[in-house]
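**Q** Before I ask anything, here is the structure I am working with.
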Amino acid sequence: MSVGRAPLLVIFDCDGVLVDSEPIASRVLAEALSEIGFPLTAQQAIDRYTGISLGAVLALVEADWRRQLPAGFAARLGERDQAAFAAELQPVSGAAEMLASLGLPCCVASSGTIGKIRGNLSLTGLLQYLEPHLFSATMVARGKPAPDLFLHAAATMAVPPADCVVIEDSIAGVQAARAAGMRVFGFHGGGHARPDSAAALRAAGATRVFERLRDLPGLLGSQAPAEG
């Protein structure tokens, strides 16, 4: 994609970009693990496990803990997540306005299951802007930071990778987009963002970083360096 040219497809991560789910999910994970003897804070969960699939998260937990998780842990965690999301989940500030004014083809490519993606977008009123173009890591062999999911989304939408821009909040997501040969904008405006999030996203390879979703339509018209 040449300098100054708008992309042909915008690929959004979901959690932490469109819906402000990461603080909730990280708290629920930390509580559930702490209850079974693996003490973890919500911030530690964000730092260690953001941006990858639940299966990859639980595999990392078992590697870190050097023990297997109890049978049925994943299912019980999913139920707790759903209850917390139903009670608390909100869209990231400006998400609906941004999607309504974007003026470009777009889709979602998330590490979550299709059920989770659709459910969270429905809870926050955003599904209308994105369905049916929803892509899950369950559709590909390897999740983020591998490029498979973004390449699958682009191929399904019939857009070359070089003409896509990915919007990501996680290091794993930025790495996946870069590995796919796509430009990637690092978003650091979610509830889990830290003061060093912008620098970390840049270091991972983000083309540019930004903090306010309402700025995105304007940013997509130019590839000039910008601070966010």
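The values are calculated or read from the model by the stated rules, or taken from the named source; none is laboratory data. These figures come from a predicted structure and were not determined experimentally. A quick note on method: Cβ atoms are made from the backbone with ideal geometry, for glycine too, and the neighbour counts reach across all protein chains shown. To get the accessible areas, we keep the full protein, side chains included, count just its heavy atoms, and leave off ligands, DNA and RNA. Shrake-Rupley method; radii C 1.70, N 1.55, O 1.52, S 1.80 Å.
**Q** Per residue and in cubic angstrom, what volume does the convex hull of the Cα atoms of segment 33-113 have? Each step should come with its number before you reach the end.
**A** On the way: hull volume 10.1 nm³, N = 81.
Looking at segment 33-113, the number lands at 125 Å³ per residue.
**Q** While we're looking at this one, here's another question. Please work out the average accessible area per residue across the chain, using the 1.4 Å probe convention, and give it in Å². All intermediate terms of the calculation are to be shown ahead of the outcome.
**A** On the way: 9930 Å² over 228 residues.
Normalised by residue count, the accessible surface of the chain is 44 Å².
**Q** Moving on. How far, in nm, would the chain grow between ARG5 and ALA199 when pulled straight, counting 0.36 nm per residue and subtracting the alpha carbon separation? Can you show the working numbers first?
**A** Numbers: separation 194, 0.36 × 194 = 69.84 nm, distance 2.53 nm.
Gain in length upon complete extension: 67.3 nm.
**Q** Now for a separate question. What is the angle, in °, between the Cα long axis of helix 54-65 and the longest principal axis of the Cα atoms in the chain? Nearest 10 is fine, range 0 to 90.
**A** With rounding to tens, the tilt is 50 degrees.
**Q** What does DSSP give for the chain in terms of the percent of beta bridges that are antiparallel, rounded to the nearest 5? Walk me through the intermediate numbers first.
**A** Working: 1 of 19 bridges.
Taking every DSSP beta bridge with both residues in the chain, the antiparallel ones total about 5 percent.
**Q** Right, another one. If you stretched the chain out fully between GLN44 and ILE114, how much longer would it get, using 0.36 nm times the residue separation minus the C-alpha to C-alpha distance?
**A** Numbers: separation 70, 0.36 × 70 = 25.20 nm, distance 2.61 nm.
Result: 22.6 nm gained on full extension.
**Q** Could you work out how much longer the chain between ARG212 and ALA74 gets when fully extended? Use 0.36 nm per residue separation minus the Cα distance between them, nm to one decimal.
**A** On the way: separation 138, 0.36 × 138 = 49.68 nm, distance 3.33 nm.
Contour length minus the Cα-Cα distance gives 46.4 nm.
**Q** For the chain, give the percent of accessible area contributed by carbon and sulfur heavy atoms, probe 1.4 Å, rounded to a whole number. Let's see the in-between values first.
**A** Values: 5270 of 9930 Å².
Of the solvent-accessible surface of the chain, carbon and sulfur hold 53 percent.
**Q** Classify segment 65-150: rounded, prolate or oblate, from the alpha-carbon gyration tensor (a ≥ b ≥ c, eigenvalue square roots; a/c under 1.5 rounded; otherwise prolate if a/b is larger than b/c)?
**A** Numbers: a/c = 2.68, a/b = 1.45, b/c = 1.85.
Judged from the Cα gyration tensor, segment 65-150 comes out oblate (a/c at least 1.5, b/c at or above a/b).
**Q** At a threshold of 8 angstrom on Cα-Cα distance, excluding pairs fewer than six apart, so keeping six or more, what relative contact order does segment 1-149 reach in percent? It would help to have the intermediate numbers written out before the result.
**A** Values: 178 pairs, mean separation 44.6, N = 149.
Normalised by residue count, the contact order of segment 1-149 is 30 percent.
**Q** Obtain the nm distance between the two label points defined at ALA83 and GLU31 by a simple spin-label model: each point lies 7 Å from its Cα along the Cα-to-C-beta direction.
**A** If labels sit at ALA83 and GLU31, their model points lie 0.8 nm apart.
**Q** Something else: What whole-number value in cubic angstrom gives the convex hull volume per residue for the C-alpha atoms of the chain? Mind showing how you got there, number by number?
**A** Values: hull volume 25.1 nm³, N = 228.
In the chain, the Cα hull volume divided by residue count equals 110 Å³.
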